[in-house]
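Notes for the one structure printed next.
Bear in mind that the values in this text are calculations on the coordinates, not laboratory data. Worth saying up front: this structure is predicted, and the values here are computed from it rather than measured. Virtual Cβ from ideal backbone geometry, glycine too; neighbours counted across all protein chains shown.
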Protein chains: 2
Amino acid sequence: MSKTPYLTFDLDTPGMSTGHLVVPKGDDCEAISLPVFSLNKGEGPRLLVTGGNHGNELEGPIVARRLVDWLPKVQTCGRVIIVPMLNLPAVQAWSQDSPIDGLNLNRVFPGRADGSVTERIADAVSRLLLPMADTVFDLHSFGPTWDCPPSVVTHPIGDVDLMAKTLRMAEAFKLPVTLLWEHPDTKGMFDTWVHSQGKVFVCAEFGGGTVNAEALAIYESGLRNGLIALGLVDGKAECPTFRQRKASKTLETLLSDELKSPARGIFEPRCSVLDEVSQGGLIGVIYPVDSLSADAIDIRAPTTSIVCAVKSGIHVEVNQKVAFLARPLKP
Amino acid sequence: MSKTPYLTFDLDTPGMSTGHLVVPKGDDCEAISLPVFSLNKGEGPRLLVTGGNHGNELEGPIVARRLVDWLPKVQTCGRVIIVPMLNLPAVQAWSQDSPIDGLNLNRVFPGRADGSVTERIADAVSRLLLPMADTVFDLHSFGPTWDCPPSVVTHPIGDVDLMAKTLRMAEAFKLPVTLLWEHPDTKGMFDTWVHSQGKVFVCAEFGGGTVNAEALAIYESGLRNGLIALGLVDGKAECPTFRQRKASKTLETLLSDELKSPARGIFEPRCSVLDEVSQGGLIGVIYPVDSLSADAIDIRAPTTSIVCAVKSGIHVEVNQKVAFLARPLKP
């Protein structure tokens, strides 16, 4: 058995191909075959679409799988590679991180050929798929315990030109929110690795919570808009309807916009995503679980903001994140 | 330390009291103190409200906790006991079942004094709280991986009078759905135990998926309607708005209405809750995860039906439930 990752087909084959990216076996598990789709229409943009980077964010795998069905009818040029389930063991376990080595795939890029399985997946993708693409759409969704509007996200990038290009790509999805997200922990992210190579990478954060037919329709239309903007597909982009509105905002969230729980207890959201809150506005409350005579603890907005994401009602620990606020990005 | 459960206060105390139901220690863990609220306004209906029977259904604990805040201002007579977090260890672990003994609290009633912790919780509730109530509202929500409309549910009851009384109580919540649910596995349910004593028990199944502010507002208004109908609170019941509609239906779901996955793979919902589907209408598809050239497998409605609950997009095993269909209950 090979000790290096390989593809079961040649990505240079013209037209449509399906096969697998084989991640070699290691001490922790047997080889894993990740299904891969390729549609090579020659000259033009080269796009890699990935889902299932986090295994409990199923919008990505589903929308990527739908794309496999309709792309052959509409792609006019260029090359698209689709991997709906990057971290297949995590998708099967409905777990953000790998059930095998406990690692978060989105913190181990570019991976290691001699590492544990999650590192070997990152290595296989970095080595065999990434060189074939100039743009990456990585389909996330904030996870099942959050409520957030369908968004396309990028983190701040040092290279000014790449930052501008990436923001333009994100805005082209025309989802309710385009978000520039200052993140405390970008080391090993797929984003960071792709950006370091001067390529465009956008991360769709497709809503969180229940994965239902309405949510999937919005995500799919956002992805279609992205493909149109890249020039891979003909058509006119359209803003999807979210909460009875068709609108698209570009927001910025800073480290100081992360609201954390001041205490252990049950978090109750008291605001909704995209609400505009004043300084001191109520975001949620924490109910201590040891006594019903203890007062609920208010969590308030430190500044006038737009609610970008809010935690589902759930038990939280001290310092656990419960909301992300944001404001319009200054041009 | 006591080997039998006890309350830290006397439920016969007039007015408002808070304290704990102490579930004794056992071989598996220390004693657990479940917060309890009581409001005793003398003669009148006697109601027990419980949340957190399943630990990953947080609507119940939150709405029950809100009730603790507003009930003292509005209760006019009778007695109400509220236990927001019945299975406290499961609530803290965001897990349906107990993280200590792995048991589903809703399958072990009436419990055992010498059993494992989940059985001891059921025993404490059965022994000390249930005798003080004639009606029980147990606040569930179908769990995080389902989408269902806010509903009040009862299972079929042999006693015709109790069945009629229970259905009337369920309908009084005026939630979008009142559901008579033929369930394959009612042994040990809290419902079954309470019904066996001739008492009214309704189970609110408050939506599933994301626990957000909009969902909680609907649940709270349903619960308020229930309290008004019981005569504990003055006021006029109002149908909450759900998906831009104010309407309330009484439905029946039979064992044959449970749709199961014919294969292993990722389930994609293709219908929405409360959709009316024709015989053969598409409910969802299963995408096999081993290959992208394998066709998706359709899951279709065996008869003309209303969609009562549909699984979130998620990886499922063969024979795992993916939808519950229903139809109007014949009077």
Just for the Cα atoms in the stretch A:1-83, what are the lengths along the principal axes, largest first, rounded to whole Å? 44, 29, 17
Mind pulling the angle between the C-alpha long axis of helix A:160-171 and the longest principal axis of chain A? Nearest 10 degrees, somewhere in 0 to 90. 80 degrees
Peptide-level mean, for B:146-154, of C-beta atoms on other protein chains within 10 Å: 1
Okay, helix-only estimate at 222 nm for chain A: each DSSP H run of n ≥ 4 adds -39500 (n - 2.57), divide by all residues, round to 500 deg cm²/dmol; what do you get? -6000 deg cm²/dmol
Other copies of A:R243: label-to-label distances in nm, shortest first, labels 7 Å along the beta-carbon direction: 1.9
Looking at the stretch A:6-252, send over the antiparallel percent of its DSSP beta bridges, to the nearest 5. 50 percent
Choose one answer from B:L48, B:L58, B:L292: the residue with the largest mean-square fluctuation in a GNM of chain B with alpha-carbon springs under 10 Å. B:L292
Counting other beta carbons within 10 Å of each residue's own, what order do A:M85, A:M169 fall into, fewest first? A:M169, A:M85
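How would you classify the stretch B:128-169 from its alpha-carbon gyration tensor, with a ≥ b ≥ c the square roots of the eigenvalues: rounded for a/c under 1.5, else prolate if a/b is greater than b/c, otherwise oblate? Mind dumping the intermediate values first?
Numbers: a/c = 2.77, a/b = 1.42, b/c = 1.95.
The shape class here is oblate.
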What would the Debye formula give as log10 I(q)/I(0) at q = 0.13, 0.16 Å⁻¹ for the alpha-carbon point model of the stretch A:6-252, no solvent? -0.75, -1.18
Quick check on the stretch B:49-108: what does the Kirkwood estimate of hydrodynamic radius come out to from the alpha carbon pairs, in Å? 12.0 Å
If you take the beta carbon distance between B:M132 and B:Q279 as r and set R0 to 41 Å, what does 1/(1 + (r/R0)^6) give as a FRET efficiency, to the nearest 0.05? 0.25
If each label sits 7 angstrom from Cα along the C-beta direction, how far apart, in nm, is B:D275 from its counterparts in the other copies? 3.1
Could you tell me whether the stretch B:140-193 comes out rounded, prolate or oblate from its Cα gyration tensor? Rule is a ≥ b ≥ c as square roots of the eigenvalues, rounded for a/c under 1.5, then prolate if a/b exceeds b/c, otherwise oblate. oblate
Cα principal axis extents for the protein assembly as shown, largest first, Å: 82, 54, 50
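What list do you get for B:S151, B:S98, A:S272, A:S17 if you sort them by fewest beta carbons within 10 Å? Intermediate results must be reported in sequence, preceding the final value.
Details: B:S151 29, B:S98 24, A:S272 14, A:S17 20.
In order of increasing Cβ crowding within 10 Å: A:S272, A:S17, B:S98, B:S151.
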Between the Cα axis of helix A:59-74 and the main Cα principal axis of chain A, the angle (0 to 90°, nearest 10) is 40 degrees
Net charge contributed by nearby residues that have their C-beta within less than 11 Å of B:P150 (K/R +1, D/E -1): -2
Report the relative contact order of the stretch B:6-252, percent, no decimals, based on alpha-carbon pairs under 8 angstrom and at least 6 residues apart. 19 percent
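Would you tally the net charge around A:H54, using a Cβ to Cβ cut-off of less than 12 Å, leaving A:H54 out, and scoring K and R as +1, D and E as -1?
Numbers: positive: A:R107; negative: A:E57, A:E59, A:D97, A:D138, A:E205.
Charge balance in the 12 Å sphere: -4.
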Is there a pair in B:K3/B:K25; A:K249/A:K330; A:K174/A:K249; A:K41/A:K73; A:K199/A:K249 whose C-alpha atoms are over 19 Å apart, and which pairs would that be? A:K199/A:K249
Output, in nm with one decimal and in ascending order, the distances from the A:P288 label point to the matching label points of the other copies (7 Å from Cα along Cα-to-Cβ). 5.7
Using a/c under 1.5 as the rounded threshold, could you call the stretch A:68-190 rounded, prolate or oblate? The axes a ≥ b ≥ c are square roots of the C-alpha gyration tensor eigenvalues, and prolate needs a/b larger than b/c, oblate otherwise. rounded
What distance in nm separates the two pseudo spin-label positions at B:E317 and B:T76, each 7 Å out from Cα along the beta-carbon direction? 5.2 nm
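Starting from the Cα coordinates of the stretch B:258-325, work out the convex hull volume and express it per residue in Å³. Display every interim value, and only then the final one.
On the way: hull volume 4.5 nm³, N = 68.
Taking the convex hull of the Cα positions in the stretch B:258-325, it is 67 Å³ per residue.
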Across peptide B:64-76, how many C-beta atoms of other chains are within 10 Å of each residue C-beta, on average? 2
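Sort A:K330, A:K174, A:K260 so the one with the fewest other Cβ atoms within 10 Å of its own Cβ comes first.
A:K330, A:K260, A:K174
Between A:K25 and A:D185, what is the FRET efficiency for a Förster distance of 30 Å, r being their Cβ-Cβ separation, to the nearest 0.05? Walk me through the numbers on the way to the answer.
Values: r = 30 Å, r/R0 = 1.00.
Efficiency computed from Cβ-Cβ geometry: 0.50.
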With +1 on each Lys and Arg Cβ and -1 on each Asp and Glu Cβ, how big is the dipole of the stretch B:258-325 about its Cα centre, in debye rounded to the nearest 20? 120 debye
Would you please put B:118-126, B:200-208 in order of how densely packed they are, using the mean number of other Cβ atoms within 10 angstrom per residue and starting with the highest? B:200-208, B:118-126
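Estimate the FRET efficiency between B:D12 and A:E258 by the formula 1/(1 + (r/R0)^6), using the beta-carbon distance for r and 35 Å for R0, to the nearest 0.05. Spell out each step's value before the answer.
Details: r = 48 Å, r/R0 = 1.37.
Step by step, r from the Cβ atoms, then E = 0.15.
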